[in-house]
Amino acid sequence: MAYLTWNEKYSVGVKEIDSQHQTLIDLVNELHEAMKQGKGKDIMSQVLQSLINYTATHFGTEEKYMTAFKYPQLSSHKLEHEKFVKKVLDFQKDYNSGKLALTLDVMAFLKDWLVSHIQNTDKKFGPFFNENGLR
Ligand SMILES: [Fe+2]
Ligand SMILES: [Fe+2]
C-alpha cells in the first residue's frame, strides 16, 4: 500500500493544481519506497532532488496564479512555501553531508506538511481561482 494516497477531499477544485498535488504525492511515495527498500544514497539523493525540483515548479504555479488574480493571502501563503523549501533544502544538505538520515520521522514531516498545507492553505484559494475562471 502506498504511504500516502490521493483522496477526493484533497481537491482544491482546480485541475492543474490537483494534478500537481498528485505528482507530489507520487514523489513522496517514491521516496518512502526507496527508504523502505534501503536504496543507496545515490538513488535517495536523486529522488529527494526530484521532489525538491517538482515542489519548486508547483509552488511557482500557485504563486503565478495568486499574483495574477491578486489573491489577498498571497504573502502569507508564499511564506509557508518559503519556510518549507528552506526546511527541505536544509534537510537535503544535512542528508548529503551525512549529518542526518532519511527516517520515518522525515517522511512523516513531508507527508503531514503536504496534506495539511493542501487542506488548510491551498484549499482556500480554490473558490477564488474558480471565480477568476480557473477550474
Ligand atoms: Fe499546493
Ligand atoms: Fe500552496
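Throughout, read-outs are computed from the coordinates displayed, never taken from laboratory work. Everything quoted here is computed from the prediction, not taken from an experiment. Positions of Cβ are generated from backbone atoms using ideal geometry, with glycine treated the same way; all protein chains shown enter the neighbour counts.
Just to be sure before I move on: is residue 60 more than 22 Å from residue 2 (Cβ to Cβ), crowded, with 17+ Cβ neighbours inside 10 Å and within 16 Å of ligand 2 (Cβ to nearest atom) in the structure I sent?
no
Scan segment 91-135 for residues that are more than 23 Å from residue 37 (Cα to Cα) and more than 15 Å from the chain's Cα centre (by Cα) and jot them down.
Those that are more than 23 Å from residue 37 (Cα to Cα) and more than 15 Å from the chain's Cα centre (by Cα): 124, 125, 126, 127, 128, 129, 130, 131, 132, 133, 134, 135.
Go through (1) closer than 13 Å to residue 124 by Cβ; (2) within 15 Å of the chain's Cα centre (by Cα) and name the single condition residue 53 misses.
(1)
If I ask for residues that are part of a helix (DSSP H, G or I) and surrounded by 15 or more Cβ atoms within 10 Å (Cβ to Cβ), which ones from segment 63-72 would you list?
Initial filter on segment 63-72 (part of a helix (DSSP H, G or I)): 63-68.
If the condition is that a residue be part of a helix (DSSP H, G or I) and surrounded by 15 or more Cβ atoms within 10 Å (Cβ to Cβ), then 63, 65, 66 are the ones that fit.
For segment 121-130, name all the residues that are among the polar types (S, T, N, Q) and away from ligand 1 (no atom under 11 Å from the Cβ).
Of segment 121-130, the ones among the polar types (S, T, N, Q) are 121, 130.
130 - this is the single residue of segment 121-130 that is among the polar types (S, T, N, Q) and away from ligand 1 (no atom under 11 Å from the Cβ).
So residue 108 ticks every box in (1) free of Cβ contacts under 8 Å to residues at least 24 places away in the same chain; (2) outside any helix (DSSP H, G or I) but one. Which box is left unticked?
Failing condition for residue 108: (2).
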